[in-house]
Amino acid sequence: MITRRTLLRTGVAASATLGTAGLLLPALTDVAQAADLDASTIPKFAQAMPVPQPLEPYSDDGDADVYKLTMKETTAEIVPGFRTAVRTYGDSFPGPLIQATSGRPVVIHQTNRLSVDTSVHLHGGHVPAKSDGAPMDLIAAGGGRRTYVYPNQQPHANLWFHDHAHHMESENVFRGLAGLYLLTDDVEDGLDLPDEEQDVPIALRDARFDSAGQLVYVMGDRLRNVVLANGKAWPYFEVATRRYRFRVFNTSNQRFFKLALSDGSAFQQIGSDGGLLPAPLTTTSVFLSPGERADVVVDFGHYPVGTTLVLKNTFGDQSAPTAQVLQFRVTRRERDDTEPLPDTLRTLPELPAATTTRDFKLSMDEGPATPGAMPMAYINGLVYDSDRIDTVIPYGSTEIWTVTNTNQRMPHNFHLHLVQFRVLERGGKPVTSGPECGLKDTVSLLPGESVKLQATFTGYRGEYLYHCHLIDHAAMGMMGTMKIV
Ligand code: C2O
Ligand code: CU
Ligand code: CU
């Protein structure tokens, strides 16, 4: 008989055989393979960046918007001249965009026509446990079905959905199972923000290709050296001389982005994971660890037509191709009728008093590697076990969690399902302004860093996850289960 446990073990064993080469002590063993596509040969800024368009509901006449999506393999032109096999929701790479409104439920009937089991999670969503896409709540390969209900009883936010099948999530997401979910409400709607053509979601990620243009997946891989924006390698995007809203999602498995314009110009950050910030923040960069989002407004009004600007990634090796993301081309003059941003964007809920504090220590094996050994990743010294409840939380309680990355070299981050939290402190210093003062569901943790978070666990009872959102690390075990009782 196949039990949950044997499934878990075979899963780990299979990928250990598959994944060892790229995993061990990355700095010492990461050597590009001759069979890899040389990223420097991919033409930069040669393809237009597509803008994800909202999916039409299959039905919207009842008390919910109903969608039908089929997960299947297809091909996409990611690198010019190559057709790459990808795993998709409804044939779309990256996945489709779903538009939702607070208070109106969305129902998605998912059918899995892939050859691997899947589970769909709405990242940042406040949803009942049975619709949260738990790692063992699988949709069977080859035609399995499942219906997910998203009540949308939460404020506006830029959410996204992605695979969460146990131990397969990192490969499934890498191969394309990620889509966008924009939830709006009256607060957001009431603001005069750039909209329509000037409201542009951008899903960023990295990837690695072989010389035939096919994706190369290795768990823990640090050789993913091609940057994709909305599914295209290093695209360009044409803009007019006016303000644009870019909703940026880091959907990478492991890459961190620190985004900046090549001329160093300032722009405004208006939102993060859980919707708008209390006030616009003038900045010259935004930092996004995997899973995080930034909502920014860039004004191209002061550039002459003909200007080109590169959106750069100033995090990591600046001589690597991954130091560039995409190119903006100012191609036409247009007048801008939007008002300047208001001083206040939203009012955040009061912080209730916390009754419990907890500590979470994130760690991962980091060299020297034993040949053939598979690094494991831990929370408080334990590798994820789907049969274990790590944290029991009384329904409705408010807690303060101190989360620390105890590694010397490995960056991590921390993502909580079910709730949006507040970042109280980073490195012992209070967070009272800046990009982390809004509602968050994912926080970065560079080596040695520590953050203090506050969350109120309300709305639904049941089992939910918390984990590192470098999803290769989550698949290696850096994940835990909390049970709201
Ligand atoms: Cu975006 Cu548990 O995940
Ligand atoms: Cu999540
Ligand atoms: Cu990690």
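The values are calculated or read from the model by the stated rules, or taken from the named source; none is laboratory data. All figures in this text were calculated on a predicted structure; none of them were measured in a lab. Cβ atoms come from the backbone with ideal geometry, glycine included; neighbour counts cover every protein chain shown. What goes into the accessible areas is simple: the full protein's heavy atoms, side chains included, and nothing from ligands, DNA or RNA. Shrake-Rupley method; radii C 1.70, N 1.55, O 1.52, S 1.80 Å.
In the neighborhood of L382, defined by Cβ-to-Cβ distances under 13 Å, what is the net charge if each Lys or Arg adds +1 and each Asp or Glu adds -1? Combined, the nearby Lys, Arg, Asp and Glu give -1. Which of the three applies to region 363-485, rounded, prolate or oblate, going by the alpha-carbon gyration tensor with a ≥ b ≥ c and a/c under 1.5 meaning rounded? Oblate, since a/c reaches 1.5 and b/c is not below a/b. Rounded to the nearest 5, the antiparallel percentage of DSSP beta bridges internal to the chain is 70%. Over all other residues within a Cβ to Cβ distance under 10 Å of G271, the charged ones net out to +1, with Lys and Arg as +1 and Asp and Glu as -1. Peptides 329-342, 141-154 ordered by packing proxy, namely the average of other Cβ atoms within 10 Å per residue, highest first: 141-154, 329-342.
Over 28 Å apart at the Cα level, from the set K258/K483; K68/K232; K68/K361; K361/K483; K312/K440, are K258/K483; K68/K361.
Can you show me the helix-derived [θ] at 222 nm for the chain, built from DSSP H runs with n ≥ 4 at -39,500 (n - 2.57) apiece and divided by the number of residues, rounded to the nearest 500. It lands at -2000 deg cm²/dmol. Length gained on full extension, D195 to A320, computed as 0.36 nm times the residue gap minus the Cα-Cα distance: 41.6 nm. Element breakdown for region 239-337 at a 1.4 angstrom probe: carbon and sulfur atoms account for 49% of the accessible area.
Where a ≥ b ≥ c are the square roots of the eigenvalues of the C-alpha gyration tensor, would you call the chain rounded, which needs a/c under 1.5, or, failing that, prolate if a/b is larger than b/c, or oblate? The shape class here is rounded. Each other residue within a Cβ distance under 14 Å of Q318 adds +1 if Lys or Arg and -1 if Asp or Glu, for a net charge of +1. Take 429-439, 405-415 and order them by the average number of nearby Cβ atoms within 10 Å per residue, most first; the result is 405-415, 429-439. Sorting the segments 106-113, 229-236 by their residues' average number of neighbouring beta-carbon atoms within 10 angstrom, most packed first, yields 229-236, 106-113.
Note on L223 and E350: the model spin-label points, each 7 Å out from Cα along the C-beta direction, lie 5.7 nm apart. Spin-label model, V187 to D343: label points 7 Å out along the Cα-to-beta-carbon direction sit 2.0 nm apart. A full extension of the chain between M376 and I389 corresponds to an added length of 2.8 nm, given 0.36 nm per residue minus the alpha carbon distance.
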